[in-house]
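Here is the structure we will look at.
The values are calculated or read from the model by the stated rules, or taken from the named source; none is laboratory data. Quantities reported herein were computed from a predicted structural model and do not represent experimental measurements. Cβ placement follows ideal geometry from the backbone for every residue including glycine, while neighbour counts extend to all protein chains displayed.
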Amino acid sequence: MAGVANVFEQRAWLARIWSNEKRASLVGTAFAIDKRHLLTCHHVVHEAGATIPGGRVYLDFPLTNKTGIWCTVLADGWCPTPAKDDAQSAGDLALLKIDDGLPDLAPLPLRLRKSYAGLAFSSYGFTKQYPEGDAAHGQISLMVGLEWLRVEAASEALLQPGFSGAPVFVEELEGAVGVVVTRNTVNGRASYAVPMNVISRSNSVVRNILDQSPLAWVDTAPRSLRAEIITSARSLIRDRTRDFVGRQFVFDAIDNELERAAAGYVMIKGEPGIGKSAIMASLADRRGYLHHFNVFSDNIRSPDAFLANACAQVISKYELPYGTVPASATKNSNMLFALLE
């Protein structure tokens, strides 16, 4: 994931949505999530003339390709702005598909979290005052209403008309966690966004991007924890599971033991070369389990390495409130036991 921060700042994913192909009026922002699709807001595409799925909007990528292109608004991911008498903290999403003439895009990675509170964020968008683009940053607050996240900006830039459809990018997670949908007109520095877990419910493109392998949580671990996670284990897991077909009764027996006991461990015994490591690698690969492998050739065999790796994985996978692995984690197993509780 090296270079994701540069991808964000280079903005080859950032698009302006116009009222028409003559670019008479700038109406909002969109961002690329893959080479052909962009996320934005329902009210933005509505203002641009697309009132129903199948409608088209005109946009450009000012930092990569000055030439404008047409996009079709898809039924997939279509979540209209709520009616006047309905709860307002829901919907307002649209998914665009580039019709032709694909520009040279660098899509933003997407990230999913159970809780977003306290994360620092950055965003880029377009306003009438700064039609070439402006930046904003601040902190994500709590979920509010039905589906929205409250975001607190350090300045009023995020809250200017035109930022709707902009991404909520978290550098620590190296990806976008939501879409800016509206601003608080009373509080000049508060705005609202729809998080990816909500977007994925009605948007199969976003859902497929987020629905990665069970071990994807290792690749998307916060940067502050990644140094402690032994990521080379992914190569070992791939090697040990390649062409491996385990006996199902072995996995069933392990599952039964894990379900039967509230705590403890399962020991697998066997002669060298019988496939014990392959079974463990397969369990990690299929189920997304936390894992640690002693590898003599890589000098990964010390208690310190195990404790640091295990603690970092527990904190990352279960989103525990630790920015880094505590220094005391490798002194003994007390910290690991505390995390597991």
Among (1) surrounded by fewer than 22 Cβ atoms within 10 Å (Cβ to Cβ); (2) under 30 Å from Phe296 (Cα atoms), Val170 falls short only on (2)
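Of the residues Leu307, Leu339, only one is at pLDDT 85 or above, assigned to a helix (DSSP H, G or I) and touching a Cys at 6+ places or on another chain (Cβ under 9 Å); which? Can you show your working first?
On the way: Leu307 fails: touching a Cys at 6+ places or on another chain (Cβ under 9 Å).
Among Leu307, Leu339, only Leu339 is at pLDDT 85 or above, assigned to a helix (DSSP H, G or I) and touching a Cys at 6+ places or on another chain (Cβ under 9 Å).
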Of the candidates Ser224, Ser213, Ser164, Ser191, the one satisfying the condition of being over 13 Å from the mean Cα position of the chain (by Cα), surrounded by 21 or more Cβ atoms within 10 Å (Cβ to Cβ) and at pLDDT below 90 is Ser191
Notebook entry, point to check: Val295: of a type in the set (Val, Ile, Thr), assigned by TED's automatic domain parsing to the domain that holds Val250 and over 20 Å from the mean Cα position of the chain (by Cα), yes or no?
Noted result: yes
Scanning the range 18-70 residue by residue, the ones that are free of Cβ contacts under 8 Å to residues at least 40 places away in the same chain, assigned to a strand (DSSP E or B) and surrounded by 17 or more Cβ atoms within 10 Å (Cβ to Cβ) total 1
Of the listed residues (Ala32, Ala2, Ala12, Ala24), the one being under 17 Å from Asn65 (Cα atoms) and at pLDDT below 95 is Ala12
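Looking only at residues that are of a type in the set (D, E, K, R) and in a helix (DSSP H, G or I) in the range 201-211, which one is nearest to Ala329 (Cα to Cα)? Reasoning before the result, please.
Taking the range 201-211 as the starting set, the residues that turn out to be of a type in the set (D, E, K, R) are 201, 207, 211.
Retained after the next criterion (residues that are in a helix (DSSP H, G or I)): 201, 207.
Numbers: Arg201: 38, Arg207: 36 Å.
For the range 201-211, the residue satisfying everything is Arg207.
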Of those in the range 306-325 that are surrounded by 13 or more Cβ atoms within 10 Å (Cβ to Cβ) and either farther than 20 Å from Trp217 by Cβ or aromatic (Phe, Trp, Tyr) (or both), the residue farthest from the chain's Cα centre (by Cα) is Phe306
Inside the range 220-234, the number of residues satisfying the requirement of being in contact (Cβ under 8 Å) with a residue 24 or more places away in the chain and either in contact with a helix residue (DSSP H, G or I) (Cβ under 7 Å, 6 or more places away or on another chain) or not assigned by TED's automatic domain parsing to the domain that holds Val325 (or both) is 7
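Conditions (1) within 23 Å of Pro222 (Cα to Cα); (2) under 16 Å from the mean Cα position of the chain (by Cα); (3) assigned to a loop (DSSP other than H, G, I, E, B), marked per residue:
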| position | (1), (2), (3) |
| --- | --- |
| Arg113 | yes, yes, yes |
| Tyr116 | yes, yes, yes |
| Ser122 | yes, yes, no |
| Gln129 | no, no, yes |
| Ala136 | yes, no, no |
| Gln139 | yes, no, no |
| Val151 | yes, no, no |
| Ser155 | no, no, yes |
| Phe169 | yes, yes, no |
Filtering the range 310-328 down to residues that are part of a helix (DSSP H, G or I) and either over 26 Å from Ser277 (Cα atoms) or out of contact with any helix residue (DSSP H, G or I) (no Cβ under 8 Å at 6 or more places or on another chain) (or both) yields Ala327, Ser328
- Task: Might you let me know whether the range 78-92 holds any residue that is assigned by TED's automatic domain parsing to the domain that holds Arg201, surrounded by fewer than 17 Cβ atoms within 10 Å (Cβ to Cβ), of a type outside the set (Ser, Thr, Tyr) and within 27 Å of Tyr130 (Cβ to Cβ)?
- Result: no
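Kindly indicate whether any position in the range 235-247 is aliphatic (A, V, I, L, M) and either under 27 Å from Ala75 (Cβ atoms) or touching a residue at least 40 places away in the same chain (Cβ under 8 Å) (or both).
yes
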